[in-house]
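A short worksheet on the structure shown next.
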Amino acid sequence: MAETRPCYITTPIYYVNDVPHIGHAYTTIAADVLARYWRLRGREVFFLTGLDEHGQKVQQAAAKAGIAPQIHCDKLAPQFSQLWNTLNISNNAFIRTTDPEHKSIVQRDSYTGWYCTFDERFWTEKDVESGLCPDCKRPVEQLSEHNYFFKMGQYQNQLLDHIKQHPAFIRPESRRNEVLGFLQTQKLGDLSISRPKSRLSWGIELPFDSDYVTYVWFDALVNYMSALEYLPREKPIGHRFWPATIHLVGKDILTTHAVYWSTMLMALNLPLPETVFAHGWWTVDGEKMSKSRGNVVDPNKMVDSYGVDAFRYFLLREVPFGQDGDFSQSAMVTRINSDLANGLGNLLSRTLTLIERTQGGAIPVPGEVGAAEHELQHAAVTLLNEALSHHLEQLEFNRALEAIWHVVQLANQYVDKTAPWALAKDERNAGQLRTVLYTMAETLRCLSLATYPVIPKSAQSICSQLGISTEFTSPLLSNTIEWGGLTPGTIILKGPSLFPRIETKPGVQPVSESSVPSQPTSAAPPSTATPLATPPAATPAATPQITIDEFMKIQLKTAKVLAAERVPKSEKLIKLQVSLGTEQRQIVAGIGKKYEPETLVGKTIVIVANLKPAKLMGIESQGMVLAAGDADVRGLLTILEEVDPGTKVK
């Protein structure tokens with residue numbers, strides 16, 4: 001069961017042009033859970049996070065503040081490192097791309113294109129629509145300048161082969177299909193890896209041309225290797241930990257990590273990371289996070305209000321990792337009260353209270369065990385030896401927590417069924433009472449091991465209150481866990497409630513501080529925004545007619561499905577990534593009762609291409625899928641022949 005391979009886990013290096021928010025916390029907490037888990041399993045872990053401090057956005061932010069870029073970075077950087085301390089993040093190193101030791105490196109050409117300052121990248125003419133960046137929808141400007149280029153396109157086929165041969169390289173499956181679709185429909189061009197100092201002075205100077213600085217992404221991605229060489233205070237450890245075990249990224253930077261970084265490594269003849277995992281985004285009360293709306297979630301405030309472990313638990317329990325999720329304080333309060341306070345916290349409290357009252361505060365010697373005890377014993381050791389590893393190694397954090405709380409629920413049911421408070425009233429039941437109390441306490445010991453990666457402070461508190469000293473930095477899960485590790489006679493140290501219940505009051509405000517009302521997440525969308533055209537329930541007296549000119553306003557096109565996944569909390573909605581040949585779109589369609597997402601990938605369907613974008617459960621849909629059916633979907637409109645994506649339907 002013990003793992004001997006070194007484990008290298010990274011988060012993105014976050015832009016230092018703003019304060020940290022829930023998105024930064026989410027990725028870093030997930031990485032921390034993996035790091036803590038693998039250390040328990042006996043693997044040597046190197047966990048890297050840090051900051052990307054170069055580029056035009058940082059230079060502009062510094063200029064706006066009237067200070068030098070380095071001073072601007074030095075001012076904001078501590079907010080991230082302090083937050084990681086608040087969130088109990090166990091990173092081994094924290095890299096800043098302004099560290100003197102951090103270096104970068106590649107052919108010169110002339111380039112004219114549309115440049116987006118916010119994304120710090122060039123776009124081609126076909127990418128730009130109405131003068132806006134296709135990613136952030138901000139205005140672009142046309143630039144013509146000399147730059148150095150990395151011949152990225154020559155590695156396209158090699159990268160395609162690697163992705164096909166290594167199913168776990170890009171995860172989840174929907175993101176893998178997205179990258180495959182991109183590489184199979186788009187030709188990779190050369191990547192501009194420099195910026196002239198005359199336009200951008202804030203960056204790492206090219207070692208072979210002092211008139212240029214390195215393109216921020218080319219500089220930033222190198223951090224995953226450079227950090228291994230100079231951040232450890234002992235001897236260099238790069239070769240021992242490379243290739244990276246897992247890069248955790250948000251879905252918005254998947255292309256840079258799965259394509260740019262991969263081809264860079266191929267050019268250097270270096271092995272690619274084992275996995276690049278792109279998780280989803282958080283909305284807030286059904287709306288996109290935005291400074292103008294005042295609904296950006298501050299992790300520090302959440303920790304101050306609800307506690308660090310409750311915040312960590314909620315982020316990883318609420319939404320399957322890899323999918324988009326919605327954050328609301330009311331949902332978090334519900335989780336805290338039902339799962340943490342009434343579940344785990346209540347189990348610990350009632351166990352210690354009964355041991356204190358009936359056993360003089362000492363863990364009792366168990367008596368004869370029966371079927372009920374065997375069931376709980378089996379559930380606890382199976383959780384530690386099988387279920388936990390299965391789910392965490394697949395990055396199924398919510399499933400791992402479901403498995404843990406299944407045992408919590410079984411334990412509380414066991415307490416209710418055996419009623420130890422009633423057993424304590426009759427001396428003849430003393431042996432059975434000791435068995436029940438020992439079973440409860442030993443279950444809690446097992447639960448402390450299982451919960452430690454996600455809620456480390458609470459896991460340590462459980463052990464302390466049980467009176468045991470547990471070194472969670474040691475490989476406690478490197479061997480098979482056996483029942484009975486808690487020594488009878490151990491004196492408990494009952495402390496404060498693990499998770500006090502939060503009393504809710506009518507009219508609690510949502511996370512958003514703005515006056516804009518939050519959008520409902522389960523109500524049916526208006527008819528103009530439905531993903532499928534559905535006729536009215538009652539047959540109209542006369543079918544309305546339209547002219548040929550009115551019909552010609554509707555643009556019907558073929559689209560190839562690149563990726564599909566269910567929308568969380570909806571049994572009907574599926575989110576599709578589709579190719580129209582010259583562009584890729586996201587469409588939300590109400591076809592989930594008829595189709596499983598994986599059966600849709602590769603199909604050529606028909607969509608309304610000029611429908612105004614609309615939000616369904618907080619997710620933008622850029623078109624409408626056509627299907628047959630009345631109240632229920634009976635079939636998609638698909639194309640029998642081989643037709644290029646984007647072909648007009650008439």
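The values are calculated or read from the model by the stated rules, or taken from the named source; none is laboratory data. Nothing here was measured: the structure is a model prediction, and the numbers come from that model. Because the Cβ atoms are built from the backbone with ideal geometry, glycine has one as well, and the counts that use them run over all protein chains shown. What goes into the accessible areas is simple: the full protein's heavy atoms, side chains included, and nothing from ligands, DNA or RNA. Shrake-Rupley method; radii C 1.70, N 1.55, O 1.52, S 1.80 Å.
Could I get the Rg over Rh figure for the range 299-382? Both from C-alpha atoms, Rh via Kirkwood, rounded to two places.
Rounded to two decimals, Rg over Rh is 1.12.
Given H placed 1.01 Å from N in the peptide plane, which residues other than close sequence neighbours of Ala614 have an amide H under 5 Å from its amide H?
Ser621, Gly623
For the range 612-617, take each phi angle, set θ = phi - 60°, evaluate the Karplus expression 6.51 cos²θ - 1.76 cosθ + 1.60, and give the result in whole Hz per residue in order, putting x for glycine and proline.
4, x, 9, 9, 10, 6
Could you list which residues have their amide H under 5 Å from that of Gly280, counting only those 5 or more apart in sequence or on another chain, with H placed in the peptide plane?
Gly322, Gln323
Which Rg and Dmax, in Å, describe the Cα atoms of the range 334-391?
14.6, 40
What whole-number value in cubic angstrom gives the convex hull volume per residue for the C-alpha atoms of the range 536-637? Don't skip to the end; give the middle numbers.
Numbers: hull volume 11.9 nm³, N = 102.
So the per-residue Cα hull volume is 116 Å³.
Keeping every protein chain present and rolling a 1.4 Å probe, give me the accessible area per residue for the range 272-322 in Å².
33
Of Lys164/Lys557; Lys575/Lys612; Lys57/Lys575; Lys301/Lys494; Lys251/Lys612, which sit over 21 Å apart, Cα to Cα?
The answer is Lys164/Lys557; Lys57/Lys575; Lys301/Lys494; Lys251/Lys612.
Residue by residue through the range 284-299, what is 3J(HN,Hα) from phi via Karplus (6.51 cos²θ - 1.76 cosθ + 1.60, θ = phi - 60°)? Round to whole Hz and write x for glycine and proline.
Taking θ as phi minus 60°, the curve returns 10, 6, x, 10, 5, 5, 7, 4, 5, 7, x, 10, 6, 7, 8, x Hz for the range 284-299.
So with the 1.4 Å probe, I'd like the accessible area per residue for the range 582-649, rounded to whole Å².
On the way: 3730 Å² over 68 residues.
With all protein chains present, the range 582-649 gives 55 Å² per residue.
Using packing as a proxy for protection, rank 479-485, 186-192 so that the peptide with the highest average count of other Cβ atoms within 10 Å comes first.
My ranking of the peptides, most packed first, is 186-192, 479-485.
Students often check this: by mean Cβ neighbours within 10 Å, which of 352-364, 636-648 ranks highest, and how do the rest follow? It would help to have the intermediate numbers written out before the result.
On the way: 352-364: 17.5, 636-648: 13.2.
Ranking the peptides 352-364, 636-648 by packing returns 352-364, 636-648.
Treating only the Cα positions of the range 255-354 as identical point scatterers, give the base-10 log of I(q)/I(0) from the Debye formula at each q in 0.18, 0.20, 0.23 Å⁻¹.
Rounded to two decimals, the profile gives -0.92, -1.01, -1.17.
Dimensions of the range 269-318 along principal axes (Cα, Å, largest first)?
48, 28, 18
Quick check on packing: order 490-502, 15-27, 404-416 by the mean number of other C-beta atoms within 10 Å, highest mean leading.
On the way: 490-502: 15.0, 15-27: 20.6, 404-416: 18.6.
Answer by packing, highest mean first, reads 15-27, 404-416, 490-502.
Using only the alpha-carbon atoms of the range 286-430, report the extent along each of the three principal axes, biggest first, to the nearest angstrom.
For the range 286-430, the Cα spread along each principal axis is 68, 32, 22 Å.
Long-range amide H contacts for Arg41: which residues qualify at under 5 Å (H placed 1.01 Å from N, peptide plane, sequence gap of 5 or more or a different chain)?
Leu477
Across the range 64-77, in residue order, what do the Karplus-derived ³J(HN,Hα) couplings come to in whole Hz, using 6.51 cos²θ - 1.76 cosθ + 1.60 with θ = phi - 60° and x for Gly and Pro?
4, 7, x, 10, 5, x, 5, 5, 4, 5, 5, 6, 8, 4
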